[in-house]
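A.B. asks: First the structure, which I've put down as structure tokens, then a few questions once you've had a look.
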Amino acid sequence: MTDLEDVDLEFVQLGETGLQTSELQFGTWRFGKETEAGNVEIDEERGHELLDAYEAAGGRFIDTADVYGNGKAERWIGDWLADRDRERYTIASKVYWQIREDDPNSRGTNRKNVRHRVERILDRLDTDYLDLLYIHRWDDQTSARELMKTLNGLVESGKVHYLGASTLRPNAWKVAKANEIARSEGWEPFSVVQPRYNLVDREIEGDYLEMARHYGLAVCPWSPLGQGFLTGKYDREDGLTGQSRAAESSRFEEAYLTEENFDLHDELDAVADEVDATPAQTALAWLVHRDGVTAPIVGARTVDQLEENLAAATIDLSDDQVDRLTEAKQGPYPGL
Ligand SMILES: NC(=O)c1ccc[n+]([C@@H]2O[C@H](COP(=O)([O-])OP(=O)(O)OC[C@H]3O[C@@H](n4cnc5c(N)ncnc54)[C@H](OP(=O)(O)O)[C@@H]3O)[C@@H](O)[C@H]2O)c1
């Protein structure tokens, strides 16, 4: 079985930006996140241990968002970075979700909200700039022109280096439209997209990946393990057989624990055995081997999970194994 001692994450290029970033990114969605049952998935101490483990494996790309843990994720990352050379890390954050219940301007991508939120992000991370700013979702109330003009201003001011669009599936045309406007105005376009993509959620395999290829966008998939479904800890008959905080979400069971997904998992187990890896490592390796994918965003609740997942970088799948996994779930792929 591959373990972390063999892992030294390599750099890959982020689309056409020229920026060299880690082949596996580290996601902090679960930092300070409360489950519906009131449990915190990852506290500050664990968060710092996870960042230490990621760094020890050579990881240099940290993905966060201003709503993760209501700002705690960014603060904890900022504290962790304080003892380090910030220049060595690529940090991505996101804006969109409403943060004040009684204030409609505190959601979306209107200029007032975006500018204010970016200032707060920089404060919490205690840094002068963000490497990558994503819009967390598309805001239908702000025109694409307004959005791209605002984002371009942030790039020109040096507060943000590159722009990304998170999710927006299956609306590839919205990213295309925004980039066409940016191009025609000489503004900074989106360089990166962050869609949900894993062995059981393949909706982006239609127009979306093609659009990303056309614009030379980096593709950084989130929930690469289907929120833990692809790790082997769920059983067709018995349901959850190990520890999980993620499964405390009411939508999880409906979205992931289906007969069709368990059939796919059987093939995943078979390929995992052949390459002497775990299902989680094999599912991540499949994603890394997919044409058009730049770097999955790896999530983990414990250091053991993270170490297991990062070791996926050392796993080589044959074309036949990739094809078998790809074909184990037939499209079309409706949203989960
Ligand atoms: N742009 C967006 O809208 C968006 C949305 C979601 C996520 N993201 C980004 O993507 C990152 C990853 O998403 P995700 O957390 O959903 O990823 P994921 O890898 O699909 O799921 C991670 C969860 O699966 C379980 N797990 C992971 N590795 C495991 C292992 N080896 N063995 C057993 N269980 C394991 C853990 O939960 P349990 O132990 O509780 O089961 C862990 O918290 C996030 O941190 C965030 O940065 C972005």
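The values are calculated or read from the model by the stated rules, or taken from the named source; none is laboratory data. As the structure is a prediction and not an experimental result, all values here were calculated from the model. Cβ atoms come from the backbone with ideal geometry, glycine included; neighbour counts cover every protein chain shown.
A.B. asks: Keeping to region 166-208, report how many residues are within 15 Å of the ligand (Cβ to nearest atom), among the hydrophobic types (A, V, I, L, M, F, W, C), part of a loop (DSSP other than H, G, I, E, B) and out of contact with any Gly (no Cβ under 8 Å at 6 or more places or on another chain).
C.D. replies: Qualifying residue count for the region: 1.
A.B. asks: Taking region 200-235 on its own, how many of its residues are crowded, with 23+ Cβ neighbours inside 10 Å and charged (D, E, K, R)?
C.D. replies: Total satisfying the criteria: 1.
A.B. asks: Just to be sure I understand the filter: pairs with C-beta atoms under 7 Å, separated by 6 or more residues or on different chains, first member in region 130-152 and farther than 21 Å from I91 by Cα and small (G, A, S), second member away from the ligand (no atom under 16 Å from the Cβ) and not in a loop (DSSP other than H, G, I, E, B). Which pairs pass?
C.D. replies: A144/K177; A144/A178; A144/I181
A.B. asks: On to the next question. Can you pull out every residue in region 232-251 that is in contact with a helix residue (DSSP H, G or I) (Cβ under 6 Å, 6 or more places away or on another chain) and either within 18 Å of A37 (Cβ to Cβ) or away from the ligand (no atom under 12 Å from the Cβ) (or both)?
C.D. replies: R236, L240, S244, A246
A.B. asks: Here is a follow-up. Filter region 302-327 for residues that are crowded, with 19+ Cβ neighbours inside 10 Å and either of a type in the set (G, A, S) or more than 30 Å from V40 (Cβ to Cβ) (or both); which is farthest from the ligand (Cβ to nearest atom)?
C.D. replies: Within region 302-327, the match that is farthest from the ligand (Cβ to nearest atom) is Q321.
A.B. asks: Another question, then. Would you mind finding the one in A300, A313 that is among the aliphatic types (A, V, I, L, M) and either closer than 13 Å to L225 by Cβ or assigned to a loop (DSSP other than H, G, I, E, B) (or both)?
C.D. replies: A300
A.B. asks: Out of all the residues in region 91-141, which are among the hydroxyl-bearing types (S, T, Y), within 15 Å of the ligand (Cβ to nearest atom) and either assigned to a loop (DSSP other than H, G, I, E, B) or farther than 16 Å from G71 by Cα (or both)?
C.D. replies: Y96, T109, listed by residue number.
A.B. asks: Report, ordered by the first and then the second residue, all pairs with beta carbons closer than 9 Å, sequence separation of six or more or different chains, a first member in region 178-196 that is free of Cβ contacts under 8 Å to residues at least 24 places away in the same chain, and a second member that is in a loop (DSSP other than H, G, I, E, B).
C.D. replies: Here the result reads E180/P189; R183/P189, each pair linking region 178-196 to a residue that is in a loop (DSSP other than H, G, I, E, B).
A.B. asks: Same structure, new question: Hey, can you tell me all the residues within region 4-26 that are among the acidic types (D, E) and closer than 19 Å to Y162 by Cβ?
C.D. replies: Listed by number, the residues that qualify are E16, E23.
A.B. asks: Here is a follow-up. What's the number of the only condition in (1) at pLDDT 95 or above; (2) surrounded by 13 or more Cβ atoms within 10 Å (Cβ to Cβ); (3) more than 9 Å from the ligand (Cβ to nearest atom) that L284 fails to meet?
C.D. replies: The failed condition is (3).
A.B. asks: Which residues, taken from region 72-90, are among the small types (G, A, S) and within 15 Å of the ligand (Cβ to nearest atom)?
C.D. replies: Selection gives A73 alone.
A.B. asks: Still on this structure, I have one more. Name every residue in region 241-264 that is touching an Asp or Glu at 6+ places or on another chain (Cβ under 9 Å) and either on the phi > 0 side of the Ramachandran plot or free of Cβ contacts under 8 Å to residues at least 12 places away in the same chain (or both), in order of residue number.
C.D. replies: If the condition is that a residue be touching an Asp or Glu at 6+ places or on another chain (Cβ under 9 Å) and either on the phi > 0 side of the Ramachandran plot or free of Cβ contacts under 8 Å to residues at least 12 places away in the same chain (or both), then T241 is the only one that fits.
A.B. asks: Given the criterion closer than 29 Å to A73 by Cα and either touching a strand residue (DSSP E or B) at 6+ places or on another chain (Cβ under 9 Å) or among the hydrophobic types (A, V, I, L, M, F, W, C) (or both), identify the matching residue among A277, A300.
C.D. replies: Every option except A300 fails the conditions.
A.B. asks: Between residues in region 215-231 that are under 22 Å from A277 (Cβ atoms) and near the ligand (Cβ under 6 Å from one of its atoms) and residues that are outside any strand (DSSP E or B) and not aliphatic (A, V, I, L, M), which pairs lie under 7 Å by C-beta distance while being six or more apart or on different chains?
C.D. replies: These pairs meet every condition: P224/P296; L225/T231; G226/Y256; Q227/F252; Q227/Y256; G228/S244; T231/P279.
A.B. asks: Take region 159-170 and flag every residue that is at pLDDT 95 or above and either touching a Ser or Thr at 6+ places or on another chain (Cβ under 9 Å) or over 17 Å from G18 (Cβ atoms) (or both).
C.D. replies: Those that are at pLDDT 95 or above and either touching a Ser or Thr at 6+ places or on another chain (Cβ under 9 Å) or over 17 Å from G18 (Cβ atoms) (or both): K159, H161, Y162, L163, G164, A165, S166.
A.B. asks: Failed condition for G242, given (1) in a helix (DSSP H, G or I); (2) farther than 23 Å from V219 by Cβ; (3) at pLDDT below 95, with all others met?
C.D. replies: (1)
A.B. asks: Another question about this same structure. Is it the case that region 265-274 has a residue that's within 16 Å of the ligand (Cβ to nearest atom) and either in contact with a strand residue (DSSP E or B) (Cβ under 6 Å, 6 or more places away or on another chain) or not in a helix (DSSP H, G or I) (or both)?
C.D. replies: Looking for residues that are within 16 Å of the ligand (Cβ to nearest atom) and either in contact with a strand residue (DSSP E or B) (Cβ under 6 Å, 6 or more places away or on another chain) or not in a helix (DSSP H, G or I) (or both), one finds none in region 265-274, hence no.
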